[in-house]
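Please read the structure below before turning to the comments.
The values are calculated or read from the model by the stated rules, or taken from the named source; none is laboratory data. For clarity, every value in this text was computed on a predicted model and none was experimentally measured. No Cβ is skipped: glycine too gets one built from the backbone with ideal geometry, and neighbour counts run over all protein chains shown. SASA here: full protein model, heavy atoms, side chains in, ligands and nucleic acids out. Shrake-Rupley method; radii C 1.70, N 1.55, O 1.52, S 1.80 Å.
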Amino acid sequence: QVQLVESGGGLVQPGGSLRLSCAASKSISSIYIMTWYRQAPGKQREVVATITSSGSTNYADSVKGRFTNSRDNTKNTVYLQMNLLKPEDTAIYYCNGVRIGASYWGQGTQVTVSS
């Protein structure tokens, strides 16, 4: 079992930046894909960004060019650097890790973009 803990959320003004972290309780080297999801009030959870064990990344169109996903296997941590934040980025952000036969979720961290 792997526990995932997100941190780094908060309140930021439009145009600002935040860096989210997702720390795993065990090595993530066997987790072949890590995904950031978000869920805004009244909306379905959506994929924001993914990163594979080899470092390949994909992003939702709505965040391309603004968000950067990275992973540090030595620290068992995945990061989501969020720049040029918009009010519509407001949501609870969750990280998810998938490996063969298992899927792990964090508890989420709130991101609020507001002036």
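Dimensions of the chain from C-alpha coordinates, computed as largest minus smallest value along each principal axis and given longest first, are 41, 25, 22 Å. In a DSSP loop and with at most 14 other Cβ atoms within 10 Å, the trypsin sites (Lys or Arg not before Pro) in region 63-115 are Lys64, Lys75. Could you grab the relative contact order for the chain? Cα pairs under 8 Å, six or more apart, rounded to a whole percent. Contact order relative to length: 37 percent.
For region 5-115, the per residue solvent-accessible surface stands at 51 Å², with DNA, RNA and ligands left out and a 1.4 Å probe.
For region 30-40, putting each phi into the Karplus relation 6.51 cos²θ - 1.76 cosθ + 1.60 with θ = phi - 60° gives couplings of 8, 8, 7, 8, 10, 10, 9, 10, 9, 9, 8 Hz, in residue order, rounded to whole numbers and with x for Gly and Pro.
Do any chymotrypsin sites (Phe, Trp or Tyr not before Pro) in region 1-101 lie in a DSSP loop with no more than 15 other beta carbon atoms within 10 Å, and if so, which? When the chymotrypsin sites (Phe, Trp or Tyr not before Pro) of region 1-101 are filtered for loop state and at most 15 Cβ neighbours within 10 Å, Tyr32 remain. For Gln110, neighbours were defined as the other residues whose beta-carbon sits under 13 Å from its Cβ, and their charges (Lys and Arg +1, Asp and Glu -1) total -1. Neighbours of Ile51 by Cβ distance under 12 Å: Lys/Arg scored +1, Asp/Glu scored -1, total 0.
Tell me whether region 14-80 comes out rounded, prolate or oblate; compute the Cα gyration tensor, take square roots of the eigenvalues as a ≥ b ≥ c, and use a/c under 1.5 as the rounded threshold. The shape class here is prolate. The charge dipole of the chain, taken about its Cα centre with unit charges on the Cβ of Lys, Arg, Asp and Glu (plus for the first two, minus for the last two), comes to roughly 140 debye.
Taking the centroid of alpha carbons for each part, region 41-87 and region 1-40 are 8 Å apart. When the charge dipole of the chain is built from unit charges on Cβ atoms (+1 for Lys and Arg, -1 for Asp and Glu) and taken about the Cα centre, the candidate among Thr112, Ser25, Thr90 whose Cα reaches farthest toward its positive end is Ser25. Each Lys or Arg adds one and each Asp or Glu subtracts one; over the other residues with Cβ under 14 Å from the Cβ of Ser30, this totals +3.
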